[in-house]
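The values are calculated or read from the model by the stated rules, or taken from the named source; none is laboratory data. Quantities reported herein were computed from a predicted structural model and do not represent experimental measurements. Every residue, glycine as well, gets a Cβ built from its backbone with ideal geometry; the counts of neighbours run over all protein chains shown. Surface areas here come from the heavy atoms of the whole protein model, side chains and all, with no ligands, DNA or RNA. Shrake-Rupley method; radii C 1.70, N 1.55, O 1.52, S 1.80 Å.
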Amino acid sequence: MKKLIATAAALILALVLSCTAFAEGTTVHPLPVQTNVDELGGRYVTTDIEYKGNSIMELTLYEIERFDGAALKAVKPGDAIESEGETIAVESVEWDGPDLYFNRDTIHEMLFCSPDEEVTFERVIRDEDDRNTMVKIGTREQEVLPYMIMLDWVDAETGEPYEDMPALRSGDDLLKLLEKNDGPSFAVKNVKILYNSMNMPDLVWRYYSPAQ
């Protein structure tokens, strides 16, 4: 009798675990970070800038969040996708040409596009910018150097975008904007920095972002 009870309990436990695993489904995570912060030469890197004082800025660096194509194509309702640190449950899956939609036409809609014939996918947030989701690759502290060039597509006084061409600013101008800290933000992923072969920033490019 005891053996029968133990067997029944084991079967019930296995069934519960099986149902739990089925209910939870599979969660697809982004691919590991591919960019080395010590080898940025020749790259434009999306960046947040926080001014620390004494001519030092803290740079938080990001790359586009990428997903394995085979894993994403295997997603089904009941599974979940982790993106920008948020886990989103999948309720529906729909292909629209080469683009893959999850939860289409809902507040949890996710659109994925492939730049390389479905080897990997990148998520696109459909808003005023149609931006890619990003993943943090690291931080660096960097002195604001006079030789830096800044291409600024944002009017520093009004916060509105320039329509025709950016303002050309120096490293000294950038330092003044950071010290003043009362104009448009540098911390909404609306900055890209071009690094030279010495892993040093040459060009700071701030473009307009409605989020700022």
message = Taking all protein chains in place and a 1.4 Å probe, what share, in percent, of the accessible surface of the chain do carbon and sulfur account for?
response = 53 percent
key: Where labels lie 7 Å past Cα in the beta-carbon direction, separation of GLU117 and VAL188 in nm   = 4.0 nm
message = Within the chain, count lysine pairs with alpha carbon atoms under 21 angstrom apart where the residues are 8 or more positions apart or belong to different chains.
response = 11
request  = Could I have the simple spin-label model distance between ILE56 and LYS176, label points 7 Å from Cα toward Cβ, reported in nm to one decimal?
outcome  = 2.5 nm
remark   = With Cα coordinates, the longest principal axis of the chain makes an angle with the long axis of helix 171-180, in degrees rounded to 10, of 70 degrees
ask   = For the stretch 175-206, list residues with backbone N below 17 Å from a point placed 7 Å from the Cα of MET165 toward its Cβ?
value = 206
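May I ask you to list the trypsin sites (Lys or Arg not before Pro) in the stretch 113-173 that are in a DSSP loop and have at most 10 other Cβ atoms within 10 Å of their Cβ? It would help to have the intermediate numbers written out before the result.
On the way: sites: ARG123, ARG126, ARG131, LYS136, ARG140, ARG169; in loops: ARG126.
Sparse-neighbourhood loop trypsin sites (Lys or Arg not before Pro): ARG126.
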request  = Compute the distance in nm between two label points, each set 7 Å from the Cα along the Cα-to-Cβ direction, one at THR35 and one at ARG104.
outcome  = 3.1 nm
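As an exercise, use a Förster radius of 45 Å and the Cβ-Cβ distance of ALA89 and LEU145 to find the FRET efficiency, rounded to the nearest 0.05.
Working: r = 47 Å, r/R0 = 1.04.
Taking R0 as 45 Å, the efficiency between ALA89 and LEU145 is 0.45.
Indicate the gyration tensor shape class of the stretch 150-191 (rounded, prolate or oblate), computed on the Cα atoms with a ≥ b ≥ c the square roots of the eigenvalues: a/c under 1.5 is rounded; otherwise a/b larger than b/c is prolate and the rest oblate.
oblate
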key: Accessible area (Å², per residue) of the stretch 76-168, counting only protein heavy atoms and a probe of 1.4 Å   = 59 Å²
inquiry  = On C-alpha positions alone, give me the angle between the axis of helix 2-24 and the longest principal axis of the chain, in degrees, nearest 10.
reply    = 30 degrees
request  = Would you mind calculating the gained length between MET198 and ASP127 on full extension (0.36 nm times residue separation, minus the Cα-Cα distance), in nm to one decimal?
outcome  = 21.9 nm
